[in-house]
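Student: Got a structure for you, questions after.
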Amino acid sequence: MDFNMKKLASDAGIFFTRAVQFTEEKFGQAEKTELDAHFENLLARADSTKNWTEKILRQTEVLLQPNPSARVEEFLYEKLDRKVPSRVTNGELLAQYMAEAASELGPTTPYGKTLIKVAEAEKRLGAAERDFIHTASINFLTPLRNFLEGDWKTISKERRLLQNRRLDLDACKARLKKAKAAEAKATTVPDFQETRPRNYILSASASALWNDEVDKAEQELRVAQTEFDRQAEVTRLLLEGISSTHVNHLRCLHEFVESQTTYYAQCYRHMLDLQKQLGSSQGAIFPGTFVGTTEPVSPPLSSTSPTTTVATMPVGPSVAGLAPPGEAALHLEVTPPASGTRKARVLYDYEAADSSELALLADELITVYSLPGMDPDWLIGERGNKKGKVPVTYLELLS
């Protein structure tokens with residue numbers, strides 16, 4: 001019990017001394033030991049790294065999970081060391097609604113069949129999103145979070161300890177300065193011609209006491225300086241380790257970009273397949289016409305983004321008579337061309353899959369025509385002496 005009380009009293013004394021020193025420094029009444037410029041630069045770089053890591057981490061979490069309530073729930077599960085429950089992605093939920101709608105509205109109707117196809121594509125998109133979120137969380141978010149919760153906490157702890165060592169050092173310097181000033185004053189007061197020996201003896205005793213105080217203050221200063229230098233070296237080594245942190249975060253950033261690239265490539269392939277399926281089914285529903293999409297799902301590969309228009313080409317009668325009862329107002333007007341061939345402008349670059357197809361370059365003009373029995377999603381394209389199949393979604397038909 002006595003030992004604890006003594007330790008408590010000692011800690012309280014140290015805390016009070018540091019508080020007095022800190023307050024006097026703030027009011028400009030005490031000198032402060034300044035760190036060298038290199039050390040200050042290391043501190044500034046560490047603070048900047050911590051601040052930007054926090055911002056990047058938070059915004060990446062928003063990107064992966066836009067729902068703030070879901071983010072809070074996941075945060076609570078992590079703090080409680082419990083497994084985060086599996087969550088349905090927005091794409092998967094949309095696929096579920098579309099499948100249920102198709103089942104109720106009629107899976108054999110044209111609308112129901114299309115709903116089923118789109119639902120399958122949305123389900124694949126949701127699965128790809130789930131894989132991307134999982135990969136990004138492991139390869140990117142986890143290292144950033146480990147830095148903030150591990151390395152940075154260690155750095156902050158050592159910095160606080162260094163601050164305390166500096167306050168102790170400056171307090172020892174101030175104590176030594178006061179002791180030397182008092183000793184100098186005590187040595188000048190005694191007068192050897194003093195007729196009252198009692199005063200001379202008292203003055204000599206005070207001088208000896210202040211001399212002992214100076215020796216004690218010098219000893220404490222040497223100890224404080226040693227502890228400060230040792231702590232400064234430990235903190236400096238930790239701060240220099242920020243360079244290794246940057247290298248690690250750079251590697252994680254590359255992995256994040258790769259996972260994001262894979263995710264968008266999967267989305268592109270899924271939507272391209274869906275687009276082809278819908279084009280085929282559209283030709284079956286509306287025979288004799290093809291309709292180019294105004295904005296294809298896949299992004300253009302060329303640097304230009306020309307405005308596209310709906311293009312039609314007749315290969316049979318009008319489809320107005322195919323509309324079900326009650327929907328006679330829906331008509332697709334088809335204007336027959338003057339001849340069997342037309343000019344078309346290429347919207348996007350297209351790489352031929354085999355020798356039967358024609359490679360295309362954005363903005364070039366080619367001649368196109370259709371053959372009886374051809375897939376409505378394709379036309380025959382000619383450029384000079386080259387000929388081959390071309391997809392209609394990559395063309396803008398000209399008059």
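Student: Hey, does the range 157-178 have a residue that's open to solvent by 40 Å² or more (accessible area, probe 1.4 Å), in a helix (DSSP H, G or I) and modelled with pLDDT under 75?
Tutor: No; the residues of the range 157-178 include none that is open to solvent by 40 Å² or more (accessible area, probe 1.4 Å), in a helix (DSSP H, G or I) and modelled with pLDDT under 75.
Student: If you scan the range 55-80, which residues turn out to be aliphatic (A, V, I, L, M) and in a loop (DSSP other than H, G, I, E, B)?
Tutor: Selection gives Leu80 alone.
Student: Just name the residue that is modelled with the lowest pLDDT out of those in the range 180-222 that are within 57 Å of the chain's Cα centre (by Cα) and open to solvent by less than 70 Å² (accessible area, probe 1.4 Å).
Tutor: Ala217
Student: Let me ask something else. Among the residues that make up the range 362-378, is at least one of them touching a Phe, Trp or Tyr at 6+ places or on another chain (Cβ under 6 Å) and without any contact (Cβ under 8 Å) to a residue 40 or more places away in the chain?
Tutor: There is no residue in the range 362-378 that is touching a Phe, Trp or Tyr at 6+ places or on another chain (Cβ under 6 Å) and without any contact (Cβ under 8 Å) to a residue 40 or more places away in the chain.
Student: Any residue in the range 354-370 that is touching a Ser or Thr at 6+ places or on another chain (Cβ under 9 Å), in a loop (DSSP other than H, G, I, E, B) and charged (D, E, K, R)?
Tutor: Yes; the residues of the range 354-370 include at least one that is touching a Ser or Thr at 6+ places or on another chain (Cβ under 9 Å), in a loop (DSSP other than H, G, I, E, B) and charged (D, E, K, R).
Student: Which one of the conditions (1) under 27 Å from Glu258 (Cβ atoms); (2) of a type in the set (Val, Ile, Thr); (3) modelled with pLDDT of 90 or more does Ile116 fail to meet, given that it meets all the rest?
Tutor: With (1) under 27 Å from Glu258 (Cβ atoms); (2) of a type in the set (Val, Ile, Thr); (3) modelled with pLDDT of 90 or more applied to Ile116, the lone miss is (1).
Student: While we're looking at this one, here's another question. Counting only residues that are within 24 Å of Leu274 (Cβ to Cβ) and among the hydroxyl-bearing types (Ser, Thr, Tyr), which one in the range 345-369 is surrounded by the most Cβ atoms within 10 Å (Cβ to Cβ)?
Tutor: Tyr348
Student: For residues that are open to solvent by 50 Å² or more (accessible area, probe 1.4 Å) and at pLDDT 85 or above, scanning just the range 327-344, find the one that is farthest from Ile380 (Cα to Cα).
Tutor: Lys343
Student: On to the next question. Tell me, yes or no, whether the range 52-75 has at least one residue that is hydroxyl-bearing (Ser, Thr, Tyr), at pLDDT 90 or above and open to solvent by less than 80 Å² (accessible area, probe 1.4 Å).
Tutor: Checking the range 52-75: at least one residue is hydroxyl-bearing (Ser, Thr, Tyr), at pLDDT 90 or above and open to solvent by less than 80 Å² (accessible area, probe 1.4 Å).
The values are calculated or read from the model by the stated rules, or taken from the named source; none is laboratory data. These figures come from a predicted structure and were not determined experimentally. Note that we place each Cβ from the backbone using ideal geometry, even for glycine, and neighbour counts take in every protein chain shown. To get the accessible areas, we keep the full protein, side chains included, count just its heavy atoms, and leave off ligands, DNA and RNA. Shrake-Rupley method; radii C 1.70, N 1.55, O 1.52, S 1.80 Å.
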